[in-house]
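First up is the structure itself, then whatever we jot down about it.
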Amino acid sequence: MDLEKKIDIELNHRKFFSQLPLKLKKGLYLVGGIFSSLYFGKGVKDIDLVVNDVENYKKLLEGHFKRKFHIIIDKKGHKLIKFMMQSTFFDINELERNIINDAKRRDFTINSIYYDIGEKKIMDPLNGLNDIRSRTIKMSSDNFLCLDPVRFLRYYRFIAEYDLIPEEKTNFQIENFSINEVIKMPIERVALEFKKLISLKNSFHTINELEKKQFLTALFPFMKITKEVEQNEYHSFDLYSHSLLALKWAEHYIDKFNYSGDIYTLKLAIFFHDIGKAKTKSIKDQKVHFYGHENVGAEIIRKELKNYSISKKEINKISLLVKEHMYLSYLKFHNTVSEKVIRKFIRKNEDITNELLIIFLSDGAAAHDRIDAGQERFAEIFREKLKEIKEADREKEKKIITGMDLLKLGYKNGPIIGKMIKKICELYDEGKIKDKRDAVEYAKKHIKDQ
């Protein structure tokens, strides 16, 4: 299917375009990353558009959709309309005089392609389509980095995301660009671009290339202290190198586990997992120890990440993973996967099971930069035992009480159902509830707690 057909299908699926009258389609141009996303079969999460007069177009939109639209003026004085519709972010910018001038102020030629929505035709002033087809990343103008230094990071992200080949002149500019110019930019913009990069499943090679320019320690200066910490006899590398290798192996296990959760928070937790070792290193009986480093590390992360454009929910998740990352290692050290231990794990960490398994295995492999067969065997045994216990619990729930039973008693659908079933099962295991009749009576008694 050709690109124009893909664009047509994509626009017809969007409420914004399907409800737009012809008069509002004229002079409206699609531009930016949507062309690469569609060509390479990636999802379209945001849509960039340009018009000749943003203020006038805002009035026309408000008249048609009967809702308010807001104009934002960025730090460079550019006017744009930002809004969200059907879980898609839209940016409508003002055209820079004409299509050619507008294309030259953009970052790369693959993002300098335009689609005239009114006329239904592609406009390609900088031959970006050829660069997409040849998987070439090429700057739109010689001053593309001066216009926006964050494009330095975007260059690496596009290479990782679309497996692009750098054009020689573009690569020369990147190689000779100071990382300090990127770090001077607003931290929320730098952090957001890095988030997009690290969230890719296979971005370690690209991140490692960035690290050769010392980007990670420039972005996260609190990680510099890990470069001064030598590890114990269980590791072949210093603490910082180990943290980087853990990122490498995380991608292996993310793929192996077919992990579909939040890759961003997981990868950051893996990179930061041993940050606490720098403050807990001690020597006892001529051996190096890091007692309690996971708790210290969790507090460091909770404090340091407040300075970045990271949500409170994400910080809490990263901190929790750092705090609990040794849980499975302790179980393996004591060689125990008893039912009692597994049930304690379920009560404490069931919601982050896959994340802790990936961190456990990545940490083990990063110790010597190879798969740790012992870790993998333990993880498999742990997963099997966990599965057995959870299946047994599901059968138990059917016998004692079900979600439907609770709904009939007047419970509201939601997390309270699962919590009550879990509590009743625990009381059943303790012998305090003997049958379904007891379970129903207990649930009736505690319905007011919801």
When residues of the range 321-330 are limited to those that are in a helix (DSSP H, G or I) and touching a residue at least 40 places away in the same chain (Cβ under 8 Å), the one farthest from Gly297 (Cα to Cα):
Leu328
Looking only at the range 210-238, how many residues end up being in contact (Cβ under 8 Å) with a residue 40 or more places away in the chain, surrounded by 14 or more Cβ atoms within 10 Å (Cβ to Cβ) and polar (S, T, N, Q)?
3
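Which residues, counting only those in the range 312-330, are within 18 Å of Glu376 (Cβ to Cβ) and surrounded by 15 or more Cβ atoms within 10 Å (Cβ to Cβ)? Steps first, please.
Within the range 312-330, the first condition is being within 18 Å of Glu376 (Cβ to Cβ), and the residues that meet it are 325-330.
Selection gives His325, Met326, Tyr327, Leu328, Ser329.
With within 18 Å of Asn202 (Cβ to Cβ) and modelled with pLDDT under 95 as the only criterion, which of Ser282, Ser260 stands out?
Ser260
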Any idea how many residues of the range 3-34 are over 12 Å from Phe90 (Cβ atoms) and surrounded by fewer than 18 Cβ atoms within 10 Å (Cβ to Cβ)?
17
Please count how many residues of the range 365-379 are surrounded by fewer than 13 Cβ atoms within 10 Å (Cβ to Cβ) and within 21 Å of Ser243 (Cβ to Cβ).
1
Filter result for Asn98 (closer than 30 Å to Arg135 by Cβ and more than 29 Å from the chain's Cα centre (by Cα))
yes
Here is a check on your reading of the model: is Tyr29 at pLDDT 95 or above and either of a type in the set (Phe, Trp, Tyr) or in contact with a Pro (Cβ under 6 Å, 6 or more places away or on another chain) (or both)?
yes
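Is there a residue in the range 84-91 that is more than 26 Å from the chain's Cα centre (by Cα) and of a type outside the set (Asp, Glu)? Steps first, answer last, please.
Of all residues in the range 84-91, those more than 26 Å from the chain's Cα centre (by Cα) come to none.
Checked the range 84-91: no residue is more than 26 Å from the chain's Cα centre (by Cα) and of a type outside the set (Asp, Glu).
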Is there a residue being closer than 30 Å to Pro186 by Cα and touching a Phe, Trp or Tyr at 6+ places or on another chain (Cβ under 9 Å) anywhere in the range 324-336?
no
Being touching a Leu at 6+ places or on another chain (Cβ under 7 Å), outside the structural domain of Glu209 (by TED's automatic domain parsing) and either at pLDDT 90 or above or of a type in the set (Val, Ile, Thr) (or both) narrows it down to one residue among Lys248, Lys267; which is it?
Lys267
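Condition check ((1) touching a helix residue (DSSP H, G or I) at 6+ places or on another chain (Cβ under 8 Å); (2) crowded, with 16+ Cβ neighbours inside 10 Å; (3) at pLDDT 90 or above) across all residues:
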residue	(1), (2), (3)
Lys58	no, yes, yes
Glu62	no, no, yes
Lys66	no, no, yes
Lys75	no, no, no
His78	no, no, no
Lys82	no, no, yes
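Look through Phe382, Phe333, Phe360, Phe345 and report the one residue that is surrounded by fewer than 19 Cβ atoms within 10 Å (Cβ to Cβ) and either in contact with a Cys (Cβ under 6 Å, 6 or more places away or on another chain) or within 30 Å of Ile301 (Cβ to Cβ) (or both).
Details: Phe382 fails: surrounded by fewer than 19 Cβ atoms within 10 Å (Cβ to Cβ); Phe360 fails: surrounded by fewer than 19 Cβ atoms within 10 Å (Cβ to Cβ); Phe345 fails: surrounded by fewer than 19 Cβ atoms within 10 Å (Cβ to Cβ).
Result: Phe333 is the single residue among Phe382, Phe333, Phe360, Phe345 that is surrounded by fewer than 19 Cβ atoms within 10 Å (Cβ to Cβ) and either in contact with a Cys (Cβ under 6 Å, 6 or more places away or on another chain) or within 30 Å of Ile301 (Cβ to Cβ) (or both).
Here are Arg154, Arg97: which of them is free of Cβ contacts under 8 Å to residues at least 60 places away in the same chain, touching a helix residue (DSSP H, G or I) at 6+ places or on another chain (Cβ under 8 Å) and within 22 Å of Lys75 (Cβ to Cβ)? Talk me through it step by step, then tell me what you get.
Working: Arg97 fails: touching a helix residue (DSSP H, G or I) at 6+ places or on another chain (Cβ under 8 Å).
Going through Arg154, Arg97 in turn, the sole match is Arg154.
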Among residues belonging to the range 281-298 that are buried (at least 16 other Cβ atoms within 10 Å of the Cβ) and closer than 22 Å to Leu356 by Cα, point out the one that is nearest to the chain's Cα centre (by Cα).
Ala298
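Report whether or not Val54 is touching a residue at least 40 places away in the same chain (Cβ under 8 Å), in contact with an Asp or Glu (Cβ under 9 Å, 6 or more places away or on another chain) and within 17 Å of Arg97 (Cα to Cα). Talk me through it step by step, then tell me what you get.
Details: touching a residue at least 40 places away in the same chain (Cβ under 8 Å): yes; in contact with an Asp or Glu (Cβ under 9 Å, 6 or more places away or on another chain): yes; within 17 Å of Arg97 (Cα to Cα): yes.
Criteria met by Val54.
Just to be sure I understand, how many residues within the range 255-280 are among the aliphatic types (A, V, I, L, M) and surrounded by fewer than 22 Cβ atoms within 10 Å (Cβ to Cβ)? Can you show your working first?
Filtering the range 255-280 down to residues among the aliphatic types (A, V, I, L, M) leaves 263, 266, 268-270, 275, 278.
Retained after the next criterion (residues that are surrounded by fewer than 22 Cβ atoms within 10 Å (Cβ to Cβ)): 263.
Matching residues across the range 255-280 total 1.
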Note on the range 393-414: residues in contact with an Asp or Glu (Cβ under 9 Å, 6 or more places away or on another chain) and without any contact (Cβ under 8 Å) to a residue 24 or more places away in the chain are Gly403
Failed criterion for Ser243 (all others in (1) in a helix (DSSP H, G or I); (2) surrounded by fewer than 23 Cβ atoms within 10 Å (Cβ to Cβ) hold)
(2)
So, restricting to helices (runs of 4 or more DSSP H) that lie completely within the range 364-430, which ones have at least 2 residues that are small (Gly, Ala, Ser)?
373-400
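Might you let me know whether the range 187-206 holds any residue that is farther than 21 Å from Ile270 by Cα, of a type in the set (D, E, K, R) and not assigned by TED's automatic domain parsing to the domain that holds Glu251? It would help to see each step written out before you state the result.
Our first condition is that a residue be farther than 21 Å from Ile270 by Cα; within the range 187-206, this holds for 187-189.
Narrowing further to those that are of a type in the set (D, E, K, R): 188-189.
Within this subset, residues satisfying the condition of being not assigned by TED's automatic domain parsing to the domain that holds Glu251 are 188-189.
Checked the range 187-206: at least one residue is farther than 21 Å from Ile270 by Cα, of a type in the set (D, E, K, R) and not assigned by TED's automatic domain parsing to the domain that holds Glu251.
The values are calculated or read from the model by the stated rules, or taken from the named source; none is laboratory data. Worth saying up front: this structure is predicted, and the values here are computed from it rather than measured. Don't worry about glycine lacking a Cβ; one is built from the backbone with ideal geometry, like all the others, and counts go over all protein chains shown.
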